[in-house]
Amino acid sequence: MRPLRFNSICLALTLFLAVTIAPPASPQGLPALPDSIKKHGLLRAGVKCDYPPDGYLDAAGKPKGVEVSLARQIAAYAFGSPDKIEMTCVTAANRIPALQGDKIDLIIATLGVSAERAQVIAFSDNYAWGGSDVLVPKGSPVKNLKDLAGKTVIVMKGAWQIGWFEKNSPTTNLLKLDGISDGLQALMQKRADGFAHDQAVLQPIAKKNAEVVLVGEVYQLGFRAVGMRKGDDAWVAFVNAAIAKAKKDGLVVQWIKEHVEADLQQFVIDSWDIGKAPKP
C-alpha cells in the first residue's frame, strides 16, 4: 500500500496537469472561441483610423474610438486582455480584401450591411444604424439631393453612398477619395460641389466648421455589422454574443460618453440602439 503522502502528490500532479492542459473555459459565459482565431493568440482587427468617434488616432498615433473600444473588448472576452489585439487601420476600399487575405480576423470599421457584401463575407448581427447626408460649402446653391444632378460629389472609395448615387442620381459625377480628411480638403478647395458620407461623420464636421453646412436631406438608411470570413460560423456566434454582452453591460454607452461630445452623445447612443432605427 502506497503512503498517503505519495498519493497526495499524485493527486496534486494530476490536478495540475488537468488545469494546464485542458482548454480554458469560455470567457464570460460566451461560446467557445474557435481554433481558427485561437491559434494566433490575439485578435487581429481591422479598424478605422480617420472616422471619429468610431475610429481615429490619438496624439500618440494609437487607434481610439467607440468601435476600437468594442474591438478591444472582444479581444478581452476572447483572450483575457484588451491588449491581446493587433489593430490594422483600414479604409472602405481595402477592409474586405484585408479580411479575405487573412490579414485580419474581423472588420469593425463602420461596415455597412449590403446584399452585395453578403455574397463575399459573413456579417454579425447589426449593432448600429445610420443614414447619409451631403456636406456643401456655406452659401451653396445646392439645397436638396436633386440639385446634385450634373454636379461633382466626393465619396469614399468602397463606401455605400456610391451605389446610391449611381442608382438615384446617375448624372452626378463621383470623385472617389481614400479618407475623410481628403474629402473635406477637396470640398474646401472647391474640387467638388458636395461631400457625401455618413450623417454621423458629417454632422460633427458641420458643427465645427462654419464654412460648410449639411444639405439636411437624409437618405439611404443602413445598418452596421462586424465583417468576418464566410464559413466560420463559430466565430460569428462568438462575436454576436460578445457584442450583445458589451451592450447589455452598458459598455457601449460608456465608450460613447468617452469619445463623443456631450451635445451629440444621445444621437450616437440612439444610433447604437437597433430598436430606435426609423422605418425605411
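The values are calculated or read from the model by the stated rules, or taken from the named source; none is laboratory data. Source: prediction; values computed, not measured. FYI the Cβ positions are ideal-geometry reconstructions off the backbone, even for glycines, and counts take in every protein chain you see. Heavy atoms of the whole protein, side chains included, go into the accessibility calculation; ligands, DNA and RNA do not. Shrake-Rupley method; radii C 1.70, N 1.55, O 1.52, S 1.80 Å.
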Worksheet item: Residues of the chain: accessible area per residue at 1.4 Å, in Å²?
Response: 51
Worksheet, complete the sentence: One point scatterer per Cα, no solvent, Debye formula: log10 I(q)/I(0) for the chain at q = 0.07, 0.08 Å⁻¹ comes out as -0.31, -0.39
Discussion item. I need two numbers for the stretch 121-280: Rg to one decimal and Dmax as a whole number, Cα atoms only, in Å.
Written reply: 17.3, 52
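Set the Förster radius R0 to 22 Å, insert the Cβ-Cβ distance between GLU86 and ARG191 as r into 1/(1 + (r/R0)^6), and round the FRET efficiency to 0.05. Walk me through the numbers before you get to the answer.
Numbers: r = 36 Å, r/R0 = 1.63.
Calculated transfer efficiency: 0.05.
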Worksheet item: Cα-based Rg (one decimal) and Dmax (whole number) for the stretch 49-206, in Å?
Response: 16.9, 54
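With a 1.4 Å probe and all protein chains in place, put HIS40, HIS259, HIS197 in order of accessible area, largest first.
Numbers: HIS40 70, HIS259 35, HIS197 10 Å².
The ordering from most to least exposed comes out as HIS40, HIS259, HIS197.
Using alpha-carbon pairs under 8 Å, 6+ residues apart, how would you state the relative contact order of the chain in percent?
Details: 469 pairs, mean separation 66.1, N = 280.
Relative CO of the chain lands at 24 percent.
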Worksheet entry | Percent accessible area from carbon and sulfur atoms, the chain, protein chains only, probe 1.4 Å | 56
Practice prompt. Mind counting lysine pairs for me in the stretch 187-247? Cα separation below 27 Å, and the two need to be 8 or more apart along the chain or on different chains.
Written response: 4
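Can you give the FRET efficiency to the nearest 0.05 for LYS143 and SER181, using r as the Cβ-Cβ distance and R₀ = 25 Å? Could the numbers behind the result be given before it?
Working: r = 26 Å, r/R0 = 1.05.
Step by step, r from the Cβ atoms, then E = 0.45.
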Worksheet item: Principal axis lengths of the stretch 32-141 from Cα atoms, whole Å, largest first?
Response: 56, 38, 23
Discussion item. Please report the antiparallel percentage of the DSSP beta bridges confined to the chain, to the nearest 5.
Written reply: 55
Fill in: Gain upon complete extension [LYS257, LYS157; 0.36 nm per residue less C-alpha separation]
33.0 nm
Worksheet item: Hey, if you drop one equal point scatterer on each alpha-carbon of the stretch 240-280 and run the Debye formula without solvent, what base-10 log of I(q)/I(0) do you get at q = 0.26, 0.27, 0.35 Å⁻¹?
Response: -0.92, -0.95, -1.14
Worksheet item: Given charges of +1 on the Cβ of Lys and Arg and -1 on the Cβ of Asp and Glu, with all other atoms neutral, how large is the dipole of the stretch 136-280 about its Cα centre, in debye to the nearest 20?
Response: 240
Worksheet item: To the nearest 10 degrees, how steeply does helix 4-21 sit against the main Cα axis of the chain, on a 0 to 90 scale?
Response: 20
Worksheet entry | Distance between modelled label sites at LYS279 and LYS167, nm, 7 Å Cα→Cβ extension | 2.0
Discussion item. Can you tell me the length gained on complete extension of the stretch LYS62 to VAL218, counting 0.36 nm per residue apart and subtracting the Cα distance?
Written reply: 52.9 nm
